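The values are calculated or read from the model by the stated rules, or taken from the named source; none is laboratory data. Please read all numbers here as calculations on a predicted model, not as lab measurements. For neighbour counting, all protein chains shown are included, and Cβ atoms are generated from backbone atoms with ideal geometry for every residue, glycine included. With ligands, DNA and RNA removed, areas are computed over all heavy atoms of the protein, side chains included. Shrake-Rupley method; radii C 1.70, N 1.55, O 1.52, S 1.80 Å.
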Amino acid sequence: MRIFKRKPRIPKELLERKSRTEDLIRGIAIETNFDGRTVLKGVDLAVTKGEVFVILGPSGCGKTTLLRHLSGMLPPTLGIVQLFGRDLYTLKGKELAELRGRMGFSFQGGALLNSMSVLENVALPLRESTDLPWEKIERIARLKLDMVGLLHAAHLSPSSLSGGMKKRAAISRAIALDPELIFFDEPSAGLDPITAVEVDNLILKLNKVFGITMVVVTHDIPSAFLIADRMIMLHEGRVLARGTPDEIREMKDSKVQDFIHRALPAEEQRSGGLARFLKT
Amino acid sequence: MLPSHFDRGVVEEYAPQIEEVLREASKGEGKALVELSAVESFDSAGMAFLIEALEQARAQEVDLRFVGVRPAVSDFFSLVGIERLLVPEQQAKGGNFVEKVGDLALPMMERLGAGKDLLVEAAHSLMDPSSGGKRAGRGRFFLELEHAGIGAIGIVSLIGFLLGLILAMQAWVQLKVFGADKYVADMVAVSITREIGPLMTAILVAARSGSSIAAQLGTMVINEEVDALRQMGINPVRYLVVPKVGALALATPCLAVLFSTIAIFGGLLFGVFVVDLGWQVYIEATSEALQAGDILGSLIKSTVFGTLVATVGCSLGLNVKGGPVGVGKATTGAVVASIFMIIVFDAVFVLLLRVGA
Ligand SMILES: Nc1ncnc2c1ncn2[C@@H]1O[C@H](COP(=O)(O)OP(=O)(O)OP(=O)(O)O)[C@@H](O)[C@H]1O
Ligand SMILES: [Mg+2]
């Protein structure tokens, strides 16, 4: 079976940087080009077991793209992704399937299959990856729905759920196979502040109670600082800062500070503008 | 020097001035200044005017600068990414007739290529025991079959019946001139079975199912549902494409048989009640005219057409880019490309089976 149409290019010197430690995820010099446009450039990161790792950055800076690289959905143009100590984009069908069973993914828009009910959506990964009889699967699926407070919506169609319910249903599907690792793409985007906090709490709860490692992509700064054990800040495809929330808050770098306080650096706003043609 | 309120009311008055300034500058030292110190407010038309001026300046290799800009106006300036707006316009596509036909046919060939790749992948995923999506995919085949097959029975029957009638009428009008009324049955039977039945059925299937396949898969792509499947270890080709291709490959020949049968029945009604041929005569003539090869050929043709429609729809749907607009394009594209390819393949069949033999 052909899984990836292409493989990332890996320069020799990168091989020496491969992780031999206990990092759950390691990204080395990840670079992405879409039709000649560079979206990510030299991104390095390491996620430790058991932590909530946040990737923070403004809209369109390549967060979703990075998450897709890390979770094995899209090979980067260049670089290495190691997951559970394995080289992700060299794996073949069976090994890859085995890795996939150990991780869950909650998509930006939920990505629930509209052709089936919420319960069936949660049951789908179970049906696909286990040999359990349907009664067992249904019981597990209902359990997972209950964990996110959605049991009452089990038989609804995804299209009739509200935004927050869709997010929770997606999380419930992501935890269906008891993963060790979950990727979240913008868990609180598009939600009102109260529902967003609920989703944040749910992430924290899953992390603390089940010890699931979380990789969370977000542009929501308060949420990022609330849930993160460690974080990286992306800016124009590069890592601008990395560290614990406290470390980042203390950073003097003006771009970091501006970003935390939700403003773009003034000189940067100017440089691309018509203002360049002003005679000073 | 521009006025204090530079907006859509006045911009046009200044166009000749700017042109004049630029012309002189391009002859002279290649530099020009525009005085904006009097300008207190701007609107988008004013902004567009300046951008246009910059564009002209660039074309004439003049270094155009604005002087004396007030802070309020300069803030307005900083919002606009001049580089993005100053991209050179793409050359309009002209081309002669041959090129235009080429522009039309080439994407079709590309789609055919993409479709072939997808079909190969589908076959692979079907053979490969480790390919994810088998369990979840089970049962989907029957759903698809119901949707594409059972759902189309009504319209296929109706159009088949009407076309049978029409064909019999047309044939009769021609044949009675030669006093050959009784050949109406032969005409209808042969033309329907060999050509019109499979072709019309395939076109109906393309319009009904080809479009819905492309729209459904396209929507799933932009909702990240396809990514979600892949992430859950379910091969989208196995789960989505295989049942659809299988269902259409089976449903289309069945529908073609239905179409042909009902069309022949329509012709029979006309033959019996208008031409006055008698039931038995008509039925005998029909069964004599039809050869097993015709029916077999029609079945094979329809299977190919069905596979074609499903594959084209799937490949366009799975490759949707650019949100809902992309889904719309894929849907239209699927119908147009399917019908085009059906006709091309039909021509190939005729060449191989009739002319070649
Ligand atoms: N498959 C693709 N083909 C071409 N360009 C793409 C593709 N996917 C993403 N891009 C581009 O890459 C850039 C980064 O996209 P990405 O979705 O990763 O951003 P993001 O940080 O997740 O943004 P948001 O916060 O809005 O979700 C965008 O400019 C986008 O247009
Ligand atoms: Mg995103």
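Region B:25-52 to region B:234-249: how many Å between their Cα centroids? Using only Cα atoms, the two centres lie 60 Å from each other. Taking trypsin sites (Lys or Arg not before Pro) as candidate sites, keep only those in a DSSP loop with at most 16 other Cβ atoms within 10 Å, then name the longest stretch of chain B containing none of them. It runs B:139-320. For region B:248-357, the solvent-accessible area with a 1.4 angstrom probe is 47 square angstrom per residue. The angle between the Cα long axis of helix B:97-127 and the longest principal axis of the Cα atoms of chain B comes to about 60 degrees, rounded to the nearest 10. With R₀ fixed at 35 Å, the C-beta to C-beta distance from A:Leu132 to A:Lys92 puts the FRET efficiency at about 0.85. When the listed pairs A:Lys92/A:Lys208; A:Lys94/A:Lys167; A:Lys12/A:Lys255; A:Lys7/B:Lys116; A:Lys7/A:Lys63; A:Lys63/B:Lys244 are checked against a 26 Å cut-off, the alpha-carbon distance exceeds it for A:Lys92/A:Lys208; A:Lys94/A:Lys167; A:Lys12/A:Lys255; A:Lys63/B:Lys244. As a calculated quantity, the FRET efficiency between B:Phe345 and A:Arg238 at R0 = 45 Å, using C-beta atoms, amounts to about 0.30. Working note: Karplus 6.51/-1.76/1.60 with θ = phi - 60° gives region A:183-198 the couplings 9, 10, 9, 6, x, 10, 5, x, 10, 6, x, 6, 5, 4, 5, 4 Hz, where Gly and Pro are set to x. What angle do you read, to the nearest 10 degrees and between 0 and 90, between the alpha-carbon axis of helix B:11-27 and the longest principal axis of chain B? It is inclined by approximately 70 degrees. Think of it as helices only: each DSSP H run of n ≥ 4 in chain A is worth -39500 (n - 2.57), and spread over all residues that comes to -10500 deg cm²/dmol at 222 nm.
Sequence gap at least 6, Cα distance under 8 Å: using those rules, report the relative contact order of chain B to the nearest whole percent. Working shown, then result.
Numbers: 457 pairs, mean separation 74.5, N = 357.
It comes to 21 percent, rounded to a whole number.
What percent does the relative contact order of region A:41-89 come to when contacts are Cα pairs within less than 8 Å and at least six residues apart? Across region A:41-89, relative contact order equals 18 percent.
The HN-Hα couplings worked out from phi for region A:151-156 by the Karplus form 6.51 cos²θ - 1.76 cosθ + 1.60 (θ = phi - 60°) are 4, 5, 9, 3, 9, 7 Hz, whole numbers, x standing for Gly and Pro. Averaging 1/r over every pair of different alpha carbons in chain A and inverting the result gives a Kirkwood radius of 20.0 Å. When accessible surface is computed with a 1.4 Å probe, chains B and A are found to bury approximately 3300 Å² between them, both chains counted.
Phi angles of region B:243-259 translate, via the Karplus equation with coefficients 6.51, -1.76, 1.60 and θ = phi - 60°, into HN-Hα couplings of x, 5, 5, x, 5, 6, 5, 8, 6, 4, x, 4, 5, 5, 4, 4, 4 Hz per residue; Gly and Pro are given as x. Put a dot 7 Å past the Cα of B:Leu106, heading toward its Cβ, do the same for B:Tyr183, and the two dots end up 4.7 nm apart. Surface analysis of region B:5-85 yields an accessible area of 57 Å² per residue, using protein heavy atoms and a 1.4 Å probe.
For chain A, relative contact order (Cα pairs under 8 Å, six or more residues apart, normalised by length) works out to 22 percent.
Solvent-accessible area assigned to carbon and sulfur over the protein assembly as shown amounts to 60 percent, based on a 1.4 Å probe.
Between B:Ala48 and A:Val197, the simple spin-label model (points 7 angstrom out along Cα→Cβ) gives 4.7 nm. Averaged over A:121-130, how many beta carbons belonging to a partner chain fall within 10 Å of each residue's beta carbon? For peptide A:121-130, the averaged partner shielding equals 4.
Between B:Thr332 and B:Glu29, the FRET efficiency estimated from the beta carbon spacing at R0 = 41 angstrom works out to 0.15. Amide H contacts for A:Val52 (H built 1.01 Å from N in the peptide plane; partners 5 or more residues away or on another chain; cut-off under 5 Å): A:Met214, A:Asp229, A:Arg230. Using only Cα atoms, tell me the angle between helix B:153-175 and the longest principal axis of chain B; keep it within 0 to 90° and round to the nearest 10. Approximately 70 degrees, to the nearest 10.
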